[in-house]
1. Could you tell me how many of the residues in the stretch 375-392 are free of Cβ contacts under 8 Å to residues at least 60 places away in the same chain and touching a helix residue (DSSP H, G or I) at 6+ places or on another chain (Cβ under 6 Å)?
2. Only one of (1) touching a helix residue (DSSP H, G or I) at 6+ places or on another chain (Cβ under 9 Å); (2) over 14 Å from residue 152 (Cα atoms); (3) assigned to a helix (DSSP H, G or I) is not met by residue 81, so which one is it?
3. Note down all Cβ pairs under 6 Å where the first residue falls in the stretch 104-125 and is at positive phi, the second is surrounded by fewer than 20 Cβ atoms within 10 Å (Cβ to Cβ) and part of a strand (DSSP E or B), and they're at least six residues apart or on different chains.
4. Within the stretch 183-201, can one find any residue that is modelled with pLDDT of 95 or more, farther than 22 Å from residue 412 by Cα and either out of contact with any helix residue (DSSP H, G or I) (no Cβ under 6 Å at 6 or more places or on another chain) or surrounded by fewer than 24 Cβ atoms within 10 Å (Cβ to Cβ) (or both)?
5. I'm trying to understand the selection: among the residues of the stretch 242-275, which are surrounded by fewer than 20 Cβ atoms within 10 Å (Cβ to Cβ) and out of contact with any helix residue (DSSP H, G or I) (no Cβ under 7 Å at 6 or more places or on another chain)?
6. Could you check, for the stretch 151-172, whether at least one of its residues is touching a helix residue (DSSP H, G or I) at 6+ places or on another chain (Cβ under 9 Å) and polar (S, T, N, Q)?
7. I want to confirm something. Restricting to the stretch 52-78 and keeping residues that are within 21 Å of residue 159 (Cβ to Cβ) and in contact (Cβ under 8 Å) with a residue 24 or more places away in the chain, which single residue is least open to solvent (accessible area, probe 1.4 Å)?
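The values are calculated or read from the model by the stated rules, or taken from the named source; none is laboratory data. Owing to the predicted nature of the structure, the values given are computational and were not obtained by experimental measurement. Cβ: placed from backbone, ideal geometry, glycine included. Neighbour counts: every protein chain shown. The area values use the complete protein model at the heavy-atom level, side chains included, leaving out ligands, DNA and RNA. Shrake-Rupley method; radii C 1.70, N 1.55, O 1.52, S 1.80 Å.
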Amino acid sequence: MSGDFTPEQKRYLEGLASGLQVARLARAPASPPAAMQGHDGADAPHLAAQDRVLAAGQKLSDQEKFKREQHPFDAYSRLREQAAKDEFPKPADTFRWRYFGLFYVAPAEDSYMCRLRLPNGILKHWQLDGLADLAENCGGGYSHVTTRANLQIREIAAKDAVAMLEAIQDLGLCSRGSGADNIRNVTGTPTAGIDPRELVDTRPFAREWHFHILNDRSLYGLPRKFNVAFDGAGTIPVLEDTNDIGFQAVDVKPGFGIEPGIHFRLCLGGITGHKDFARDTGVVVKLADATKVADAVVRVFIDHGDRTNRNKARLKYVLDSWGFEKFLAAMEERLGAKLARVPAEAIAPRPEFDRMAHVGVHPQKQPGHSWIGVVLPVGKLTAVQMRGLAGVAREMGDGDIRLTVWQNLLISGVPEAAITAAEEAIAALGLTTKATSIRAGLIACSLSKSDCVLETATVRWTVEIDGAGRALDDANSPAAASTGKYSSLWTTANCWGLLSKEQ
């Protein structure tokens, strides 16, 4: 008889049975939870973790209840129905639709914002051109570059939500898992593969992890969001130490019990905006094992992350509670092998970062070619600018658009003979490739006002700082990096935690 049920019906029946059991527990808390065991399928680890919370007499957070009642990926038909009726979601579905990359941003705007996934922050010129069309046809005519080297489009009407999602896939892109309790956009060194100083090209590793996530449903529905970054030790930092997992390319010296050469150093537990950076675990990972090791970290987190208190549900808090050695031991049990540990003196010094290299013209490892960093005040790009930059990348570069965690972008592969023409074309779009140290570091909130405290003030300050930077640029002033008024204001903005982060 069970063979007659569709997968959706089986999922519904499983959820119904689970819900009935929860109700029984509420009426008779002393009853044994045996009937709640034995989940199967991709969602089993998450359901089992929730079962343990309920069996201990604790309450799940509202978001965990939403996931338990109906997995977001099983509710796409309802999203389509809401779009057909031009209706925005109720709270439970507001959370669920974030699994598809749709954020209902009320009360700031009565509209959706859609966030993409771009592994290593790289997209092709024709994809940016297509996104410009989508921004105009389904959104507000602009996009924002986020602090995870990603793009998001705002002012999307309810009726256009599904059209937006499906058109993004038509472009060979996706938005799946870019919000809610999922592994977010995978960041990597923006100059990967073109940087003369890098130890490793991060693109294949970011891409492998990206597709590993997309094709394994059991990696969705974590206790909270989860960030992973790959730093290839190139010229531009990727801020991997603000991620839950940071893979840092390092050169291991001979004589320390493992094969010398380039490995990833494993850092764990960073959280953006909390002044708590990922810490070095003492573990180094073979490059080919990065995805396998990241998977083990995430699965330990799935089993043991807090599903009752959203404020304590990040990986950092598991590490704080357990200590690193216990967590690494749990990883080793998952992996079925010991992790390689080396002392600090086994690691050769890494190349120095250049904090200004994401702006302006810089030579690539490919002779006769450069990347050009374009300044985007508050990370914003109009559709016209998107098309224009796509054209510059197509006609004068290698066709790639590389986004950075500094909310700007690079156009790579520009021949020496085309640099002046490229800069002029960029300037004609109302953008610049030149900046003072102040302007190069500007980051402002591109989310809803409810997602970023005092966003309006932040944007206003950012524009003021940018204006001061322009004045300093125009005057060719050497005081750009030390102007007291604006450096003080910038420090204040940082202290208040007003910088944009991808939520």
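1. 1
2. Failed condition: (1).
3. Once the first residue is at positive phi and sits in the stretch 104-125, no partner that is surrounded by fewer than 20 Cβ atoms within 10 Å (Cβ to Cβ) and part of a strand (DSSP E or B) comes close enough.
4. Within the stretch 183-201, one or more residues are modelled with pLDDT of 95 or more, farther than 22 Å from residue 412 by Cα and either out of contact with any helix residue (DSSP H, G or I) (no Cβ under 6 Å at 6 or more places or on another chain) or surrounded by fewer than 24 Cβ atoms within 10 Å (Cβ to Cβ) (or both).
5. Matches in the stretch 242-275: 251, 254, 255, 257, 258, 259, 260, 261, 273, 274, 275.
6. Scanning the stretch 151-172, I find no residue that is touching a helix residue (DSSP H, G or I) at 6+ places or on another chain (Cβ under 9 Å) and polar (S, T, N, Q), so the answer is no.
7. 72
Conditions tested, residue by residue: (1) open to solvent by 50 Å² or more (accessible area, probe 1.4 Å); (2) out of contact with any Ser or Thr (no Cβ under 9 Å at 6 or more places or on another chain); (3) among the aromatic types (Phe, Trp, Tyr); (4) touching a residue at least 12 places away in the same chain (Cβ under 8 Å).
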residue: 277; (1), (2), (3), (4): yes, no, yes, yes
residue: 289; (1), (2), (3), (4): no, yes, no, no
residue: 294; (1), (2), (3), (4): no, yes, no, yes
residue: 319; (1), (2), (3), (4): no, yes, no, yes
residue: 328; (1), (2), (3), (4): no, no, no, yes
residue: 336; (1), (2), (3), (4): yes, yes, no, no
residue: 339; (1), (2), (3), (4): no, no, no, yes
residue: 351; (1), (2), (3), (4): no, no, no, yes
residue: 360; (1), (2), (3), (4): no, no, no, yes
